[in-house]
Structure formats: structure tokens, C-alpha cells
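To start, the structure under review is shown below, and the notes come after it.
The values are calculated or read from the model by the stated rules, or taken from the named source; none is laboratory data. The structure presented is a predicted model; accordingly, all values stated were derived computationally and were not measured. We place every Cβ from the backbone using ideal geometry, glycine too, and count neighbours over all the protein chains shown.
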Amino acid sequence: MFLNKLSLATIPYRLIALSAVLYGATGYITFFLEQTNLVVQGIFIPEGISLALGLLYGPAVAVGVFVGEFFLLFFTGAPLEVSLFIALSNALTLILVLSVAKRLKVDPAFHSIKDYFNLIVLSFAISAPVSAFFGHFILYYCNEILFSQIGDSFVGWYGANALAQSLVTPLLLIFLTRNERLTQYSVQHLAPAFIIFLVIYLGFFVEFSDYPITFILIPLLFWLAYSKKLGLLAFTAIASLMWITSATSVGMGPIASYQDHALMALTFISYGMLLPAMFGCVLLRENSVNEVQILQYAETQYDRAQSIETQLLSTLNALSMARDNETGNHIIRTQNYVKLIAEQLRSNKDYLATITPDYVDSLFKAAPLHDIGKVGIPDSILLHPGPLAKNDWEIMKTHATIGEKVLSSTIKKPPAGTGKYNQSVLMVAQEIAGGHHEKWDGSGYPRALEKTKIPLSARIMAIADVYDALVNERVYKSAWTHEEAIDEIKKLDGTHFDPKVVSAFLHVEEQVKIIALSFED
């Protein structure tokens with residue numbers, strides 16, 4: 001069935017060729033080191049590259065591994081059958097690893113510590129041991145290695161592959177998935193890495209046997225882990241390790257005196273430092289991703305809440321207008337009056353922190369609901385064409401508390417400790433509905449509040465509502481001129497209205513007049 005679907009057009013020749021070339025070219029580096037007769041190789045880069053490409057592009061990479069390793073082994077002097085069987089063994093091992101990775105759902109972008117942990121498990125528990133086992137079985141079967149040599153050689157093979165897949169693989173995946181780019185590294189990231197690498201380099205020319213490699217590498221690795229730059233961490237670690245390995249293999253540096261066991265020791269030192277640092281780096285990156293996801297979720301919920309609030313405001317506005325004897329233009333005018341007054345008040349340093357742009361926006365949206373409580377007033381009183389009797393007037397005054405209760409049922413109070421004006425539109429609307437008939441001297445209703453005990457939003461709405469009522473005709477009065485209304489407001493300064501609000505209103509009275517004329521009934 002598979003062969004029926006497979007066609008020459010579907011074979012990824014470029015991917016296979018790239019995999020083969022990369023495997024062969026980078027594999028030559030390790031074989032060059034082997035010529036120094038060191039038993040242990042530091043890091044077998046081709047294994048890291050092939051696993052990274054396989055995780056990204058699929059099992060077709062295994063074909064490239066087979067081709068690349070076959071030619072690498074054959075042209076470096078290995079017998080034909082050894083070259084063929086080891087190449088086939090490594091290709092099949094890669095297919096096995098990719099199959100398990102698919103079941104584990106490993107994300108090549110490493111968005112979770114689980115992904116890096118699974119990669120380490122794949123490397124240490126499957127890829128490295130399977131490759132080393134079958135490789136040595138083939139070498140022994142073909143009489144290329146003595147049984148007594150298998151122990152040290154197996155450890156070296158295993159370690160070189162595992163270290164490559166723990167460092168080179170994540171390095172390539174991070175860059176290829178574009179989680180990091182070389183251009184995004186700042187000087188504060190690059191400079192310390194360069195300096196510490198330089199110290200490591202110069203250390204190989206210092207004449208003392210106890211050169212503190214571990215002490216030098218730890219600040220580099222964990223500083224980069226803390227900066228969450230996983231790609232830079234892996235790149236720096238690999239560069240440092242390759243330099244130490246190369247220098248040691250030609251007899252340079254403080255650990256060259258350990259002869260055959262020098263690179264083995266270096267390999268295990270690397271496991272002790274590099275892997276915890278990489279785990280720490282991925283964990284920090286995972287936390288960053290989680291923080292972003294939480295913020296995105298919060299923004300989504302906020303937008304949803306805003307949408308619901310907008311719909312609710314629209315419904316409440318329609319309900320208010322259906323029961324109000326005022327016109328729709330009254331709503332538009334008072335909305336714009338309160339916005340003008342609030343923006344002018346903001347120039348007063350006493351209100352700079354209180355009257356924020358968000359507060360002004362909430363005030364503008366809440367203003368149309370100032371008389372929503374009239375939904376609870378009987379038509380005989382609400383639509384009465386003239387002055388109300390005392391009892392009827394007392395009933396009319398209850399519209400303030402009715403409106404406040406209606407709006408309070410739609411909102412929740414802010415958590416303790418939050419700012420007073422960190423409020424929703426509906427909370428500001430509740431303040432306005434319940435307080436816009438209060439007076440500065442305490443003679444208003446429904447609670448006879450005075451001065452700053454009256455919410456600022458209600459104090460602003462009070463002057464806007466009174467001005468609009470004065471300059472427009474009502475069933476019980478004719479319209480006043482703008483000038484007459486201004487004179488009346490000045491008379492009520494300090495008794496009905498907050499003096500600071502009156503001052504702000506008078507500063508913008510010409511703009512108020514324009515709004516009144518633009519939206520007149």
C-alpha cells in the first residue's frame with residue numbers, strides 16, 4: 001500500500017541530500033579526533049543534527065543518515081560491510097526514536113519542560129544505547145574490535161551520542177523553530193558568554209594542573225539559563241566543549257595529562273553541569289510561556305467582559321429611554337458635558353491621579369443611565385404636565401435609589417485594596433444614578449450627602465443635568481438662555497454644586513454651549 005502511494009515526486013531529495021552532507025561533514029570532525037588515539041570522543045555532532053532534522057521534517061532524514069554515514073565510514077577506511085551495516089543500524093535507530101517521539105508528542109519548539117525531558121529520555125534510554133549496542137555488535141561480528149575493548153568504546157560511543165542529542169539537537173531546534181534569532185541577542189547576553197569562553201580558551205595556555213573548568217563553566221551556563229536564552233546557552237556550551245575537546249585531543253590544557261580518560265572525565269563533567277542548566281533554561285522558558293498564556297487568557301476574558309458590558313449598557317440605555325420623558329438628545333448632550341468637565345478637572349493636580357482616560361471613558365458611557373431609576377416611577381407621576389404634589393414628589397425622588405439598586409444588581413464590588421476608580425462603567429453608572437441629586441451643602445437626596453462624600457462622578461453629572469434642564473424646554477417650564485443658565489449655576493456654586501466642578505464647567509462653557517446648540521431638541 002505504501003509503495004503504491006510512493007512516487008518519485010514525493011521523495012524529499014533535497015532533505016535527504018542535506019541530511020547526508022551534514023552528517024558526513026560534521027562526522028569527519030569526530031573521526032579527526034579519533035586519529036589522536038583517544039578512546040573517548042567528546043561529542044558526536046552528526047547524531048544531534050540528524051535527530052533535530054528528524055523531529056522537524058520526519059523519517060525521510062533517516063535515508064540521509066544512511067547515505068551520509070555510509071560514505072563517511074567507507075571513505076575513512078572502514079570495510080564495506082561495516083560501513084553498510086552501521087549506517088543501516090543508525091538509520092533504523094533514528095526511525096525508532098522518531099516513532100517514540102511521535103507517541104510522546106514531543107514539541108520541537110520546547111515550549112514545555114516535558115518536551116526537553118522527553119528528548120533526554122529518548123537520547124539516554126533509546127537512541128544512544130541502541131546505536132552503541134548494534135554498532136559494537138557489528139564491529140565485533142566483523143572482527144573490527146576486540147571483546148576487551150568493547151567496554152570503554154561503548155561508554156565513549158554512548159556518551160558522545162547522548163551529549164550531542166542533549167545539546168546540539170535543542171540548539172538546532174530552537175533556531176529552526178525561530179524561538180530565538182541571532183539578531184535578538186543583546187550585548188548583555190553576548191558579552192559575558194564571549195568573556196567566559198575567552199577565559200576557557202586562555203586557560204589552556206596556563207601552566208597549572210588543577211585548572212577549574214567546572215568553576216569557569218558554571219557561571220556561564222547558569223547565567224544564560226537565567227536569561228532564558230536556550231539557543232545561546234546550547235551554542236556557548238557546545239563551542240566551549242568543542243574547544244576543550246579539540247585542545248585536549250592534541251595534548252593541550254590541564255586535563256590532557258589524564259591521557260585516555262581525559263575526555264571521558266570531561267564528558268561526565270558536561271553531564272553534571274550542562275544538562276541541569278539546560279533543564280533550568282527550559283523551565284524558565286516554560287514559565288515565560290505560561291505567563292504569556294495567562295495574560296492572553298486574561299485579555300480574552302477582559303474583552304469578553306467588555307463586550308458583555310457593552311451589550312448590557314445598550315439594553316439598559318434602551319430601557320431608560322423607554323421610561324424617560326427626556327429626548328435622546330438629552331442623553332447625547334449630558335454625555336458630552338460630563339466628558340468636557342472631567343477632562344478640564346484633570347488639569348487640576350488634585351484630580352490628576354483620579355481622573356484617568358479610562359475614568360473619563362467610563363463616565364461618558366455611564367452618563368446615559370443617570371435616570372434609569374425612572375423605570376420604577378408610575379406614568380401618572382413621571383408624565384405629569386406640571387409641578388408635582390408633595391406626595392408625588394417624594395415618590396419621584398425615589399428614582400435615585402431605584403436606579404442605584406438596578407445597577408448594583410448587575411455588578412460586583414471591587415476587591416479590597418483596589419483603587420476607588422479602578423471601576424467598570426456600571427460601577428460609575430451606579431454612583432451617578434444614586435448621587436446626581438445630592439447637593440454640596442447636604443440638602444440633596446436620597447441620602448443628604450455633602451461635599452466629597454458625594455462621588456465625584458455624581459458631582460460632575462449634577463451640574464451637567466441641571467444645565468441641560470435649564471436651557472431646554474420642559475412641560476413645566478420654558479427654555480432658558482445659555483447666559484441665564486450660567487448665572488444660575490454661579491449662584492448655586494458652593495451650595496448645590498462642588499466649587500471645583502463649577503470652576504471646571506465655567507472654563508469650558510463655550511464648548512458646552514456649542515454642544516447644546518449642536519444637539520438641541
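In this structure, ILE463 does not satisfy being in contact with a helix residue (DSSP H, G or I) (Cβ under 7 Å, 6 or more places away or on another chain), β-branched (Val, Ile, Thr) and more than 17 Å from TYR337 (Cβ to Cβ). Among the residues making up segment 87-143, a single one is under 30 Å from the mean Cα position of the chain (by Cα), over 20 Å from PRO59 (Cβ atoms) and among the polar types (S, T, N, Q): SER112.
Counting only helices (runs of 4 or more DSSP H) that sit wholly inside segment 358-440, those with at least 2 residues that are modelled with pLDDT of 85 or more and surrounded by 14 or more Cβ atoms within 10 Å (Cβ to Cβ) are 390-397, 399-408, 425-435.
In segment 1-90, counting only helices (runs of 4 or more DSSP H) that sit wholly within it, the ones holding 1 or more residues that are at pLDDT 80 or above and farther than 19 Å from PHE154 by Cβ span 13-34, 45-57, 60-75. Report whether or not PHE154 is within 21 Å of LEU73 (Cβ to Cβ) and at pLDDT 90 or above. In short, no. From the list LYS451, LYS513, the lone residue that is under 25 Å from LYS405 (Cβ atoms), at pLDDT below 95 and of a type in the set (D, E, K, R) is LYS451. Got a number for residues in segment 475-504 being farther than 16 Å from LYS439 by Cα, in contact (Cβ under 8 Å) with a residue 24 or more places away in the chain and surrounded by 13 or more Cβ atoms within 10 Å (Cβ to Cβ)? The qualifying residues number 2.
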